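Q: Provided herewith is a single structure, encoded as structure tokens, for subsequent inquiry.
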Amino acid sequence: MSGDGLAVHRVASGSMADRAAAIVIEELAHGAAPAELAVLARVNSALLPVQVALTEKGIAHTAPLDTSVLQRTGVRTALAYLRLGLDTDRLRREDVFDTLNRPARKVKSAVTPHLPRGSRWSIRALEQVCEQLDGTHRERFAGYLDDLRHLEAAITDGADTARCLWVVRNRIGLGEAMDALDASRTRPEGSSHGDDLDALEQLATLQPDPAAFAGWLVERLRVPGEATGVTLSTVHRVKGMEWPTVVVFAANQGLFPHRLADDQEEERRVFHVAITRCQRSLHVISDQARTSPFVEELARTTSAGATEPGRRAEPVPNDELTTAAPSFLPDGRLRAAVGVQVTLPGGLAGRICKLGRHHVVVELDEEEGERPVVRIAHGAQVQVAGNRRGLGPATGPGTRGVDRPEPDDALFEALRAWRSKVAARNGVPAYLVFHDRHLQVLAGRKPTTLTELGACPGIGPAKLERYGDDLLDLVADPLV
């Protein structure tokens, strides 16, 4: 930045896009041309709320995103849940299949043969299917139908789009399922599923009617971009370029540094590229509840730094929950322990307050006395003491990548039989589906969640997405 104008805007998450649009409008009112402004973000899905907000205001801009973003796994599934909750008398077949295994319920193979014909079903018809299942699958499928009923009740009670998406992500568990898929990625290239869900939740404040939300979003994404409008871009695409005014958007924990990044210094360099693209004035917009530590560093070291009036106070610690120092398993994972402070995927911070067999419960740091809790599965990635770590159990060898228990022979043969069916159906050799050595590890570890499955060798994001539910079904019952 060659000029001396810096403003840091810490606002509510749902207000960030409106604040970016207001800054652009103010610059244009003072004589700036649209091409003299740029809005930069860490990943492209973070630009989605800004793109839609500028479209709403009729401001010319480039359009890095189109309707194809709606087909990303997390976004597609969240919108499918929303449609199901809006009309439980006419559930679309494709929406049911998009949501049934997200989060993984290990019922898809058991339920599918009993589903009625046709492209739409009522929830009452699916409740009749539930009665035809065995005890375990009946309970799991009934839980899925209860989730749909809960979402339906929220909508009936007047919940806005933001609340509905919160229910889908946190109460139903789509967020944890997407975190499991993200944890299987090795590099933070492109938008993660968590980034996509963050962007969708920000958009919810621009269209609060859940019944209108999906159609409204499609219409806004069909608006073509302008070659000479306000530039919307990720930071990686603008190295060497400058504009008189730059807005760095969503400078949040989880994006700066990115939730999937291991190299903090590289992430700091990415942020430095972003803030040095301006010639005259720089605006940095962050979620007031989870501002990036890089923004705090910038505000401390820049005499021109200005904070937003009325900035929220830092959360008051919960004195009833004693803070514990983190410790680590031999493979480097965080050892689960009550009181350990962690930052979750998405940037939410809190302390572990309860230990489960395959998960922990984290009490989030919130204000005004409300402290919600979330479940985080073992294997999920968390930030602790400034470093990204996998979450491990409280006890045990902690030997991810090394732990190779003897395979269950019956399960191994069931996995091989399943692999043969998949290979025949797709017309490919069996080894292209899975190698025997990978199936042996699965038969030994017997993963019970997508996160545990994603930690097994040979299970990348694509295979986790394509085969995860079937594999968990087989592990739960090799005779399925």
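Q: Does a label point 7 Å from the Cα of Asp477, set along Cα-to-beta-carbon, have any residues of the range 140-157 with amide nitrogen under 15 Å, and which are they?
A: In the range 140-157, the label zone of Asp477 (backbone N under 15 Å from the point 7 Å along Cα→Cβ) covers 140-143.
Q: Would you grab the residues whose amide H sits under 5 Å from the one on His9? Only those 5+ places off in sequence or on another chain, please, with H modelled 1.01 Å from N.
A: Under 5 Å from the amide H of His9: Val284, Ile285, Ser286.
Q: So which GluC sites (Glu not before Pro) in the range 52-150 end up in coil per DSSP with only 12 or fewer other C-beta atoms within 10 Å?
A: The qualifying sites are Glu131.
Q: Using packing as a proxy for protection, rank 245-256, 227-238 so that the peptide with the highest average count of other Cβ atoms within 10 Å comes first.
A: Peptide ranking by packing, descending: 245-256, 227-238.
Q: I would also like to ask the following. Residue by residue through the range 36-41, which ³J(HN,Hα) values in whole Hz follow from phi under the Karplus form 6.51 cos²θ - 1.76 cosθ + 1.60 (θ = phi - 60°), with glycine and proline marked x?
A: Once rounded to whole Hz, the list reads 8, 10, 9, 10, 10, 9.
Q: Hey, what do the phi angles of the range 217-230 turn into as Karplus ³J(HN,Hα) couplings, whole Hz, using 6.51/-1.76/1.60 and θ = phi - 60°, x for Gly and Pro?
A: Karplus values, whole Hz, x for Gly and Pro: 5, 4, 4, 5, 7, 7, 6, x, x, 10, 5, 10, x, 4.
Q: Per-residue HN-Hα couplings for the range 465-475, Karplus 6.51 cos²θ - 1.76 cosθ + 1.60 at θ = phi - 60°, whole Hz, x for Gly and Pro?
A: Once θ is set to phi - 60°, the couplings for the range 465-475 become 5, 7, 10, x, 5, 5, 5, 5, 4, 5, 4 Hz.
Q: Counting pairs of alpha carbon atoms under 8 Å apart in space and at least six apart in sequence, what relative contact order in percent does the chain give? Please list the in-between numbers first.
A: Values: 866 pairs, mean separation 98.5, N = 480.
It rounds to 21 percent for the chain.
Q: Next question, about the same structure. First measure r as the distance between the Cβ atoms of Gln279 and Ala394, then evaluate 1/(1 + (r/R0)^6) with R0 = 56 Å and state the FRET efficiency to the nearest 0.05.
A: According to the calculation, E is roughly 0.55.
Q: I would also like to ask the following. What do you get when you divide the Cα radius of gyration of the range 409-476 by 2.2 N^0.38 Å, with N the number of residues?
A: Rounded to two decimals, the normalised Rg is 0.99.
Q: Right, here's the next one. Which of the aspartates and glutamates could be linked to Lys57 by a straight reach, that is with a Cα gap under 13 Å, when you skip same-chain ones fewer than 8 residues away?
A: List returned: Asp18, Glu26.
Q: Something else now. Based on the Cβ-Cβ distance of Lys446 and His114, what FRET efficiency does E = 1/(1 + (r/R0)^6) give at R0 = 25 Å, to the nearest 0.05?
A: Values: r = 26 Å, r/R0 = 1.06.
Efficiency for this residue pair is about 0.40.
Q: Sticking with this one: Which percentage, to the nearest 5, of the DSSP beta bridges contained in the chain is antiparallel?
A: Taking every DSSP beta bridge with both residues in the chain, the antiparallel ones total about 50 percent.
Q: Let me ask another. Work out, step by step, the length gained on full extension between Ala227 and Thr156: first 0.36 nm times the residue separation, then minus their alpha carbon distance; give nm to one decimal. Could the numbers behind the result be given before it?
A: On the way: separation 71, 0.36 × 71 = 25.56 nm, distance 4.34 nm.
Taking Ala227 through Thr156 to full extension adds about 21.2 nm, to one decimal.
Q: How about Lys354: which lysines have a C-alpha closer than 27 Å to its C-alpha, ignoring those fewer than 8 places off in the same chain?
A: Qualifying lysines at Cα under 27 Å: Lys106, Lys446.
Q: Next question, about the same structure. Over the range 71-195, one equal point on each Cα, no solvent: what is log10 I(q)/I(0) by the Debye formula at q = 0.17, 0.19 Å⁻¹?
A: Those come out to -0.87, -1.05, one per q.
Q: Now, a different point. Can you give me the distance in nm between label points at Asp146 and Glu131, each placed 7 Å from the Cα along the Cα-to-Cβ direction?
A: About 2.0 nm, to one decimal.
FYI, it's all coordinate maths here, none of it is from the lab. Small disclaimer: the values here were computed from a predicted structure and weren't measured. Cβ coordinates were reconstructed from backbone atoms using ideal geometry, including for glycine residues, and neighbour counts include every protein chain displayed.
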